[in-house]
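For reference, the structure is listed below as C-alpha cells.
The values are calculated or read from the model by the stated rules, or taken from the named source; none is laboratory data. On a predicted model such as this, the values are computed, not experimentally measured, just so you know. Note that each Cβ is placed from the backbone with ideal geometry, even for glycine, and that neighbours are counted across all protein chains shown.
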C-alpha cells in the first residue's frame, strides 16, 4: 500500500491510495460516513488502468480529517474482529453438531 497526501487544508484532505482496490476504500468510506463530524467522504479511481484511487474527506466540525480517518480505520478494525470472532464461533458450532448444512 502506498499513500501520498495530495491536498490538505483546514477540514479537508485528499490522499492517493496506491495498490488497493474498492474493497478497502469502500470499507473506509463507509466507516468515515458513520462519523457525525464528517460532511463528505468518498473515493475515485482516476482511470481504470491506474493502480491508485483518491480518498476525499471533508469535515464539518473541529475534528481534523486525519483524526477522522484514524477513527474510521480503528472502527473498521473492530468490526472485522467482531466478524472474525462470530465466524469462528459458527465454525465451532457446525463442527460440534457434525452438520455442515443449516
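If you check residue 53 against the conditions, is it at pLDDT 95 or above and loosely packed, with under 15 Cβ neighbours inside 10 Å?
Working: at pLDDT 95 or above: yes; loosely packed, with under 15 Cβ neighbours inside 10 Å: no.
Criteria not met by residue 53.
Just checking, does region 75-86 include any residue being within 13 Å of residue 38 (Cα to Cα), surrounded by 11 or more Cβ atoms within 10 Å (Cβ to Cβ) and out of contact with any strand residue (DSSP E or B) (no Cβ under 6 Å at 6 or more places or on another chain)?
no
List the strands (runs of 3 or more DSSP E) that sit entirely inside region 1-50 and contain at least 2 residues that are surrounded by 15 or more Cβ atoms within 10 Å (Cβ to Cβ).
It comes to 12-18, 38-44.
Output the number of residues of region 56-74 satisfying the condition of being loosely packed, with under 12 Cβ neighbours inside 10 Å and under 15 Å from the mean Cα position of the chain (by Cα).
The total comes to 2.
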